[in-house]
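Asks: There's a structure below that I have some questions on.
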There are 2 protein chains.
Amino acid sequence: MRLSRYFLPILRENPAEAQIVSHRLMLRAGLVRQSAAGIYSWLPLGLKVLRNIERIVREEQDGAGAIELLMPTIQSADLWRESGRYEAYGKEMLRITDRHERDMLFGPTNEELITAIVRDSIKSYRDLPRNLYHIQWKFRDEVRPRFGVMRGREFLMKDAYSFDIDKDAARRAYEKMFVAYLRTYARLGLKAIPMAADTGPIGGDLSHEFIILAETGESAVFCHGDLIDQDILGETIDFEGDLKPLIERWTGLYAATDEKHDAARFEAEVPADKRLSARGIEVGHIFYFGTKYSKPMGAVVTGPNGETIELEMGSYGIGVSRLVGAIIEASHDDAGIIWPASVAPFKVGIVNLKAGDAAVDAACEKIYAGLESAGIDVLYDDTDERAGSKFATMDLIGLPWQVHVGPRGLAKGIVELKNRKTGERSELALDAVVATLTAA
Amino acid sequence: MRLSRYFLPILRENPAEAQIVSHRLMLRAGLVRQSAAGIYSWLPLGLKVLRNIERIVREEQDGAGAIELLMPTIQSADLWRESGRYEAYGKEMLRITDRHERDMLFGPTNEELITAIVRDSIKSYRDLPRNLYHIQWKFRDEVRPRFGVMRGREFLMKDAYSFDIDKDAARRAYEKMFVAYLRTYARLGLKAIPMAADTGPIGGDLSHEFIILAETGESAVFCHGDLIDQDILGETIDFEGDLKPLIERWTGLYAATDEKHDAARFEAEVPADKRLSARGIEVGHIFYFGTKYSKPMGAVVTGPNGETIELEMGSYGIGVSRLVGAIIEASHDDAGIIWPASVAPFKVGIVNLKAGDAAVDAACEKIYAGLESAGIDVLYDDTDERAGSKFATMDLIGLPWQVHVGPRGLAKGIVELKNRKTGERSELALDAVVATLTAA
């Protein structure tokens, strides 16, 4: 993409309304614009990041055997009356009356709708287990939306729902999602730690929040330092096999959010040099809730002996749009965003240091064409801004690699390669750029 | 994908509520379920088709130089008050009041919001031209939603908006979209014919509807038969070059919808043997509307001489979810859907005619693994339904190719290959299946 034809409205100044770094950087780097309180338009650069995150989330859901569908944003209130949540949900639910005076709502979550779909379609235990997910915009009418996409009103969420014949099968479904979540966050370049969460009246141990560590995180977390070093992507995973040993490695060590923290247990269980206290951001929540919805809504199947069985359910949420902000909170410096390679909107930015100079233009075009035909996503700053401004923009938008092309280097046949994360710069022969970045 | 693990709720009977063939087939083939009047959940098979269409639409928008972003579904009423459309829009607009009693709405279209975004970001003529598009769910509160996704209330639309410095440039933007639309429909396997549409108070010739031909189409259309034979995909297109000659080939021949039809002109301009009267479905609309929004909303740039210039705009819509229905209307037979290859949810269906038979199971597994590793999207019916039911399901869901694997054929080392569209069956050596379907 040529910057001269792109739509990347950079802000040079910090916007006054942004209180946290991710919000500031998302506005400055032209990722989003607020269209109403807590409601954002995703500009081209931000949308690319959002789609990259969505793709990784999807691949890991598919890999764990979940099946994608797509439920609508607008739901009928009658469905929520079946579960008893229509009255209970409170003011966060955006309630709507249509032209025929029917009560509708913008879905804040989808337990009722997916339960209705499964109730109408799955009749036999032989059609289980199933885990159905979708990635769809939700709306929660927060009383005080803030922190940009971290606590917006309209947000993109992946929510999966598992349906099983009994609690053992439901636990297996839960374990698959647990592992899929660990893999998802690791692929996004995040250190995510599962922490036990409230299960409400159902009890048991099948509720976890996934917290990523970020200095600017919203809450304090405490955990065993070894959790940080565990590498889920190094493991070979058989989702049909026994996932318990793996999960025990992730749940056997102390980890707790502020509100669940037990200082005495922390000191007793974790050696002093392994005690990690940090800041965290919640980026996912998985939850087993048994027959909470299947019972009132009559979602049953016929069992092997003709008996009627209420479905055992769980739900599994990842805040996809929230992750854009969370990743920035976890990965930035004073100059701007530092995108992990897996979600970067472009892998490479080319900086033309003297647009209009025939030799520089030609070298840039050559690199640009070479990278594009190597299948590398590249943003070419071909504008006539001055060099300092171009460097600042590239650092701000945080592409993993920058190629600086100027007349002085070119006279020697070289360009400068900059690694955004380390700040490392190296000189490179013009002809070596494509091969180097293909391998990078 | 193994059918035994998929979510494909087939209906054996025609649902009473469906009046048109695409609605019937979409319900029967498990593509969608109605979740409320005119609001559908997209089940896994339907979602795959929807995404395939969306991908083709996106590729052609990108190819024509449009840039993707994503605006939210919920908008502020204040924006629409700026353009004067809030009161004017009528009951089709889903109006919402949030918890702070602010007037909001579910966007039926996005002229106001995109104009606001551009107004706040583009200040100079040097940042033009721009064409920005998004693919997002819209809502129109139809008084009588019907015909399934063909006239639903919540629907997926691609809408693009062009911004230019003057009318000539706006015409060039319009022409690019005109050609991109022709390419899009051709890639979807459709015969689409552009027909002049009302321009309203603006006048001029820059408004076209794109109508696809389908026997069951909603309205009568009349055109010169040569339009059917023109092949846009055979043309080499330079979007930066002069598109006029190409567009004249598509607009120079008679074509009109029922309401614009002029029988006398039809007979005068079109030789008798070329007069085509058929049924059509509108699947896109492109429209130049000048400063209709930029003027009241103050979307201006500074021109080369420091003057203030109101932006010239156009909008370009494709009904993405509607196209799923429209394609079925154009491509089905008594047995079910016939998907064009480009949008088919899977390219191949494997029918195991005797699940449980070791040799048949092994042969199916081999074909399944071979196709998957060749990167071919395949649905394997590994269930223990009887053969007749499996054949009916495969014909109903309309995958381009079927591979029938049974004990009798296998004894001779062969399987049967069926082309869904032509009905043609051929025998094939087991080992030749992957290569044959890779080439198909």
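Where a number appears in this text, it was derived from the coordinates with a stated rule and is not lab data. Not measured: the values here are computed from a predicted model. Cβ: placed from backbone, ideal geometry, glycine included. Neighbour counts: every protein chain shown.
Asks: Just give me the residues in region B:113-139 being within 18 Å of the chain's Cα centre (by Cα), more than 9 Å from chain A (Cβ to nearest Cβ) and buried (at least 23 other Cβ atoms within 10 Å of the Cβ), in sequence order.
Replies: Correct list: B:Y133 only.
Asks: May I pose another question? With respect to A:A16, determine if the residue is facing chain B (nearest Cβ under 10 Å) and farther than 20 Å from A:W339 by Cα.
Replies: Working: facing chain B (nearest Cβ under 10 Å): no; farther than 20 Å from A:W339 by Cα: yes.
Considered against the rule, which asks whether it is facing chain B (nearest Cβ under 10 Å) and farther than 20 Å from A:W339 by Cα, A:A16 comes out as no.
Asks: Taking region A:362-417 on its own, how many of its residues are under 23 Å from A:S22 (Cα atoms) and of a type in the set (D, E)?
Replies: Summing the residues that are under 23 Å from A:S22 (Cα atoms) and of a type in the set (D, E) in region A:362-417 gives 1.
Asks: Run A:P108 past the list (1) within 10 Å of chain B (Cβ to nearest Cβ); (2) surrounded by fewer than 22 Cβ atoms within 10 Å (Cβ to Cβ); (3) in contact with a strand residue (DSSP E or B) (Cβ under 6 Å, 6 or more places away or on another chain) and report the number of the one that doesn't hold.
Replies: (1)
Asks: Then there's this: Within region B:406-422, restricting attention to residues that are of a type outside the set (K, R) and part of a helix (DSSP H, G or I), which residue is surrounded by the fewest Cβ atoms within 10 Å (Cβ to Cβ)?
Replies: For region B:406-422, the residue satisfying everything is B:A411.
Asks: Still on this structure, please answer the following. If I filter region A:73-83 for residues that are facing chain B (nearest Cβ under 10 Å), over 30 Å from B:K91 (Cβ atoms) and either of a type in the set (A, V, I, L, M) or in contact with a Pro (Cβ under 7 Å, 6 or more places away or on another chain) (or both), do I get at least one hit? Please lay out each step first, then the result.
Replies: Initially, region A:73-83 is screened for residues facing chain B (nearest Cβ under 10 Å), giving A:73-79.
Restricting the remaining residues to those that are over 30 Å from B:K91 (Cβ atoms) gives none.
Within region A:73-83, not a single residue is facing chain B (nearest Cβ under 10 Å), over 30 Å from B:K91 (Cβ atoms) and either of a type in the set (A, V, I, L, M) or in contact with a Pro (Cβ under 7 Å, 6 or more places away or on another chain) (or both).
Asks: Sticking with this one: How many residues does region A:303-320 contain that are closer than 30 Å to A:V149 by Cβ and touching a Gly at 6+ places or on another chain (Cβ under 9 Å)? Talk me through it step by step, then tell me what you get.
Replies: Initial filter on region A:303-320 (closer than 30 Å to A:V149 by Cβ): A:313-320.
Cutting the leftovers down to touching a Gly at 6+ places or on another chain (Cβ under 9 Å) gives us A:313-314, A:316-319.
Selection size over region A:303-320: 6.
Asks: Additional query: Criterion first (within 19 Å of B:T73 (Cα to Cα) and at the interface with chain B (Cβ under 10 Å from one of its Cβ atoms)) does A:G148 satisfy it?
Replies: Numbers: within 19 Å of B:T73 (Cα to Cα): yes; at the interface with chain B (Cβ under 10 Å from one of its Cβ atoms): no.
Spelling it out, it is not the case that A:G148 is within 19 Å of B:T73 (Cα to Cα) and at the interface with chain B (Cβ under 10 Å from one of its Cβ atoms).
Asks: Let me ask something additional. Looking at A:L47, is it at the interface with chain B (Cβ under 7 Å from one of its Cβ atoms), assigned to a helix (DSSP H, G or I) and under 30 Å from B:P44 (Cα atoms)?
Replies: On the way: at the interface with chain B (Cβ under 7 Å from one of its Cβ atoms): yes; assigned to a helix (DSSP H, G or I): yes; under 30 Å from B:P44 (Cα atoms): yes.
So A:L47 passes the test.
Asks: When you look at A:A37, is it more than 13 Å from chain B (Cβ to nearest Cβ) and surrounded by fewer than 21 Cβ atoms within 10 Å (Cβ to Cβ), yes or no?
Replies: Details: more than 13 Å from chain B (Cβ to nearest Cβ): no; surrounded by fewer than 21 Cβ atoms within 10 Å (Cβ to Cβ): yes.
No, not satisfied.
Asks: Filter region B:84-105 for residues that are among the acidic types (D, E) and within 11 Å of chain A (Cβ to nearest Cβ) and give the result. So that I can check it myself, show each step before the final result.
Replies: First, pick out the residues of region B:84-105 that are among the acidic types (D, E): B:87, B:92, B:98, B:101, B:103.
Across region B:84-105, the qualifying residues are B:E92, B:D98, B:D103.
Asks: Within region B:263-277, identify whether any single residue is under 30 Å from B:A18 (Cβ atoms), of a type outside the set (S, T, N, Q) and touching a helix residue (DSSP H, G or I) at 6+ places or on another chain (Cβ under 6 Å), and answer yes or no.
Replies: Step one: list which residues in region B:263-277 are under 30 Å from B:A18 (Cβ atoms), which gives B:276-277.
When the remaining residues are screened for being of a type outside the set (S, T, N, Q), the result is B:276.
Keeping just the survivors that are touching a helix residue (DSSP H, G or I) at 6+ places or on another chain (Cβ under 6 Å) gives none.
No, because not a single residue in region B:263-277 is under 30 Å from B:A18 (Cβ atoms), of a type outside the set (S, T, N, Q) and touching a helix residue (DSSP H, G or I) at 6+ places or on another chain (Cβ under 6 Å).
Asks: Would you kindly identify the helices (runs of 4 or more DSSP H) lying entirely within region B:295-405 that contain at least 3 residues that are buried (at least 21 other Cβ atoms within 10 Å of the Cβ), on the phi > 0 side of the Ramachandran plot and in contact with a Cys (Cβ under 6 Å, 6 or more places away or on another chain)?
Replies: Of the helices (runs of 4 or more DSSP H) lying wholly inside region B:295-405, none has at least 3 residues that are buried (at least 21 other Cβ atoms within 10 Å of the Cβ), on the phi > 0 side of the Ramachandran plot and in contact with a Cys (Cβ under 6 Å, 6 or more places away or on another chain).
Asks: Sticking with this one: Give me a count of the residues in region B:250-269 that are without any contact (Cβ under 8 Å) to a residue 40 or more places away in the chain and either surrounded by 14 or more Cβ atoms within 10 Å (Cβ to Cβ) or among the β-branched types (V, I, T) (or both).
Replies: Of the residues in that region, 2 qualify.
Asks: If you scan region B:52-71, which residues turn out to be surrounded by fewer than 18 Cβ atoms within 10 Å (Cβ to Cβ) and at the interface with chain A (Cβ under 10 Å from one of its Cβ atoms)?
Replies: B:D62, B:G65
Asks: Related question: Which number in (1) under 16 Å from the mean Cα position of the chain (by Cα); (2) in a loop (DSSP other than H, G, I, E, B) marks the one condition that B:M26 misses?
Replies: (2)
Asks: Would you confirm, using the coordinates I've provided, whether A:A186 is within 16 Å of A:G319 (Cβ to Cβ), of a type in the set (A, V, I, L, M) and not in a strand (DSSP E or B)?
Replies: Here the answer is no, as A:A186 does not meet what is asked.
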